[in-house]
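> Please find one structure pasted underneath; my questions will follow.
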Amino acid sequence: MVTLLFNQIKGISGSHWNRLMREEKAEEYCIVATDAAKFVNTAMFCTIYGDILQEPFEFDACLTGYQLMKKYIDATCKAYSLSQVIRLRTTMKTL
């Protein structure tokens, strides 16, 4: 299951991000941060606590590139027993 994209992450009490972090299943979340570009995208995976699960990697902005990213997501979720994927679109400079 993939949670919808967050436009902004704020620590405001009652925000969607704040509620996610406080849930009992927070340890089962895989955060997928992507830096979308015209030709080559970059992504990395981490836990909700900031532990890096997959170092940044590049993939093409085409169907095969996105299939590669999905393959990495599935492998990471299986390896770490993660149940939910949260996709963030950001620039890698902020990570």
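> Taking segment 45-65 only, how many residues are among the polar types (S, T, N, Q) and buried (at least 17 other Cβ atoms within 10 Å of the Cβ)?
Final tally of qualifying residues: 1.
> A follow-up question, please. Within segment 27-41, track down each residue that is over 19 Å from W17 (Cβ atoms) and hydrophobic (A, V, I, L, M, F, W, C).
A36, A37, F39, V40
No value in this document is a laboratory result; all are computed from the given coordinates. Given the structure is predicted, the values throughout are model-derived calculations rather than measurements. Cβ: placed from backbone, ideal geometry, glycine included. Neighbour counts: every protein chain shown.
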